[in-house]
Amino acid sequence: MWQVWLIFAQAVETPESRSGTNLMSQLNALIPDPSSVDAAIENRFCVRAFLPDQVPREMLEEVLRLASRAPSGSNAQPWKVYVLQGAAKAGLVEKTCAAHDALREHPELESKFRPDYDYYPRSWVDPYRARRRQNGLSLYGLLGIGKGESDKMHAQHQRNFKFFDAPVGLMFTLDRGMGQGSLMDYGMFMQNLMVAARARGLHSCAQAAWNTYSSIVLEHIGAGPQEMLVCGMSLGFPDKDALVNEFSTPRDPVQAFTHWLE
Ligand SMILES: Cc1cc2nc3c(=O)[nH]c(=O)nc-3n(C[C@H](O)[C@H](O)[C@H](O)COP(=O)(O)O)c2cc1C
């Protein structure tokens, strides 16, 4: 019995645990303005052109703290974040853009540049294939990039590796020993981050594009051999005059993806 109690006590009494009073107030807390939570969610979209304006360090720390309130299986909190700014960001941009150009010139280099995990399927099926195609056509259509204009396509894709000129680049890594479920946890963490950022006037763009160059990214950020690259993200204030930021994406209605069983 004592042993059981000890294990229980160890599990709940960590320095980070909340006191009973706080937990009760969380249970009873009314969200003062639900519409602003909804607005932060509704008005999050991927921005692909940023202003050079710096993001205050306190704002970044607050957004990361809020992100870490995400749930995770067994509260494992599997996230590890690298914040790149200034010379650290510029160095990664230079190396990755060079690699992206080299890969275009020498497709045989493909085996050198591999993502750490399959974010996308190896072979797409509908309706996802159709949505993906539509997404690409709409974005390139907005930017006036026609089919076959490979130079322009390459340049637009290259914008990923410049963090779309954002002042802050984020890299998210995961311990290779963790399970697939940690990627779910990570998704919740990233969504929290993007919504909390949005509530502060910031915008973001999650970027799996970086995953192709995970070997370059991991070396540059000084990650250990146990770390794999989950994703990158651009973060900053949006360029409101940029055409690319007028890109908006549709969603299927609730009835298209929900099955009600009674
Ligand atoms: C994990 C993840 C990775 C993504 N990777 C990229 C990327 O590399 N480059 C990019 O331009 N957009 C990327 N996106 C953005 C998606 O294209 C975008 O979320 C989708 O089209 C829906 O549009 P919205 O986010 O503007 O609502 C990514 C989104 C997620 C969630």
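The values are calculated or read from the model by the stated rules, or taken from the named source; none is laboratory data. Just so it is clear, the structure is predicted and the values come from calculations on it, not from any experiment. Using ideal geometry, Cβ is built from the backbone for each residue, glycine included, and neighbour counts are taken over all protein chains shown.
See the values below:
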| read-out | value |
| --- | --- |
| Criterion: within 23 Å of GLU227 (Cβ to Cβ) and assigned to a helix (DSSP H, G or I) - qualifying residue of GLY187, GLY169, GLY177 | GLY187 |
| Answer from ASP239, ASP165 - the residue that is of a type in the set (Asp, Glu) and buried (at least 19 other Cβ atoms within 10 Å of the Cβ) | ASP239 |
| Flag for GLY148 being outside any helix (DSSP H, G or I), modelled with pLDDT of 95 or more and either more than 14 Å from the ligand (Cβ to nearest atom) or surrounded by 22 or more Cβ atoms within 10 Å (Cβ to Cβ) (or both) | no |
| Matching residues, segment 130-145, being without any contact (Cβ under 8 Å) to a residue 24 or more places away in the chain and outside any loop (DSSP other than H, G, I, E, B) | ALA130, ARG131, ARG132, ARG133, GLN134, GLY136, LEU137, TYR140, GLY141 |
| Residue satisfying condition, being touching a Gly at 6+ places or on another chain (Cβ under 6 Å) and either within 28 Å of LYS89 (Cβ to Cβ) or at pLDDT 95 or above (or both), within set ALA130, ALA166, ALA155 | ALA166 |
| Checking PHE161 against (1) among the hydrophobic types (A, V, I, L, M, F, W, C); (2) in a loop (DSSP other than H, G, I, E, B); (3) touching a His at 6+ places or on another chain (Cβ under 9 Å), the condition it does not meet | (2) |
| Selection count, segment 212-242, where residues are in contact with a strand residue (DSSP E or B) (Cβ under 6 Å, 6 or more places away or on another chain) and among the polar types (S, T, N, Q) | 3 |
| Top-ranked residue in segment 221-235 [being more than 9 Å from the chain's Cα centre (by Cα) and under 25 Å from CYS46 (Cα atoms); ranked as farthest from the ligand (Cβ to nearest atom)] | ILE221 |
